[in-house]
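Single-structure report; data block below.
The values are calculated or read from the model by the stated rules, or taken from the named source; none is laboratory data. All values derive from a computational prediction rather than experimental measurement. Reconstructed Cβ throughout: ideal geometry from the backbone, glycine too, with neighbour counts over all protein chains shown.
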Amino acid sequence: MEQMISAGLAELGLSDRVPPEAAGQLARYGQLLLEKNQVMNLTAITQPDKVAQLHMLDSAALLGCEAFEGKSLIDVGTGAGFPGLPLKILCPSLEVTLLDTLNKRVQWLAEVSQILGLSGIRAIHARAEEQALEKGFRDSFDFATARAVAELRLLCELCLPFVKVGGLFLAMKTVDCGQELEDAAHCIKLLGGRLEDSFDYTIPGTDVTHRVIRIRKVAPTLKGYPRRWAKIQKQPL
């Protein structure tokens with residue numbers, strides 16, 4: 001895994017921008033993921049080379065669209081830690097919050113962070129629509145990320161409230177998300193966002209192309225958002 005990750009980082013043009021031990025740490029993270037996956041459902045991807053490509057390098061590609069050094073990021077619906085944990089490994093000065101609704105995953109992520117010797121990272125067990133109302137979380141982060149969590153309209157309501165004015169919500173999507181973007185136009189504006197140019201990339205070693213939807217926070221999110229999850233699902237903005 002380490003060799004494949006190292007080659008992939010070079011292909012993405014990131015080798016000179018990340019710590020020399022990053023590929024080894026990502027490989028170790030991948031090993032821990034596969035070991036834990038035998039007793040807890042963390043990923044459907046179980047081949048080491050695919051973990052390297054479709055999890056680690058997919059997450060690493062975000063470094064090509066923004067500068068994360070010295071900034072803060074919340075990864076909403078982080079699951080097994082993607083993309084937040086790889087971004088922390090690749091950019092140690094990034095302050096990362098991993099948010100998930102399943103406490104077992106959160107506990108495991110905290111353990112992995114400790115094993116890898118990471119500081120400036122925290123794993124929180126909470127629902128996004130509730131945590132976004134808390135002081136220190138609302139309008140507080142330079143970046144919010146979400147990967148394969150939900151439709152864009154729903155994601156915007158869950159994620160944009162966390163982002164400070166001037167910050168960015170980065171939604172990781174497939175390249176055929178045009179209809180989602182159209183449907184989300186009203187939602188983005190209502191929640192204080194503005195759509196910026198998207199960022200497309202091909203995962204090294206594959207023919208898989210993904211798109212990062214970049215939404216700039218230009219105004220504080222209105223009071224009353226996010227709504228309860230049942231309402232968000234039933235009546236998307």
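Summary of computed values
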quantity	calculated
Those residues of segment 81-110 which are hydrophobic (A, V, I, L, M, F, W, C) and under 15 Å from the mean Cα position of the chain (by Cα), in sequence order	Phe82, Leu85, Leu87, Ile89, Leu90, Cys91, Leu94, Val96, Leu98, Leu99, Val106, Leu109
Residue ID - surrounded by the most Cβ atoms within 10 Å (Cβ to Cβ), chosen from residues in segment 213-236 that are touching a residue at least 12 places away in the same chain (Cβ under 8 Å) and farther than 18 Å from Phe162 by Cα	Pro236
Tally of residues being assigned to a strand (DSSP E or B), among the charged types (D, E, K, R) and at pLDDT 95 or above across segment 144-172	1
Filter result for Gln114 (surrounded by fewer than 22 Cβ atoms within 10 Å (Cβ to Cβ), at pLDDT 95 or above and within 25 Å of Ala150 (Cα to Cα))	no
Residues satisfying the stated conditions in segment 192-214, i.e. hydrophobic (A, V, I, L, M, F, W, C), assigned to a strand (DSSP E or B) and within 17 Å of Ala148 (Cβ to Cβ)	Phe199, Val212, Ile213
Those residues of segment 43-92 which are under 20 Å from Trp108 (Cα atoms), hydrophobic (A, V, I, L, M, F, W, C), part of a loop (DSSP other than H, G, I, E, B) and at pLDDT 95 or above, in sequence order	Ala80, Phe82
The lone exception for Trp108 - which of (1) free of Cβ contacts under 8 Å to residues at least 60 places away in the same chain; (2) farther than 21 Å from Val212 by Cβ; (3) surrounded by fewer than 24 Cβ atoms within 10 Å (Cβ to Cβ) it fails	(1)
Residue tally, condition in a loop (DSSP other than H, G, I, E, B), over 19 Å from Ala148 (Cβ atoms) and of a type outside the set (Val, Ile, Thr), over segment 15-42	4
Residues located in segment 125-142, provided they are outside any loop (DSSP other than H, G, I, E, B), surrounded by fewer than 22 Cβ atoms within 10 Å (Cβ to Cβ) and in contact with a Gly (Cβ under 9 Å, 6 or more places away or on another chain)	Asp142
Matching option when the condition is of a type outside the set (A, V, I, L, M), under 23 Å from Lys88 (Cα atoms) and surrounded by fewer than 23 Cβ atoms within 10 Å (Cβ to Cβ), among Gly166, Gly178, Gly192	Gly166
Segment 97-124, residues that are within 27 Å of Leu222 (Cβ to Cβ) and outside any loop (DSSP other than H, G, I, E, B)	Thr97, Leu98, Leu99, Asp100, Ile124
Qualifying residue in segment 23-35 (condition: over 23 Å from Lys104 (Cα atoms) and out of contact with any Phe, Trp or Tyr (no Cβ under 9 Å at 6 or more places or on another chain))	yes
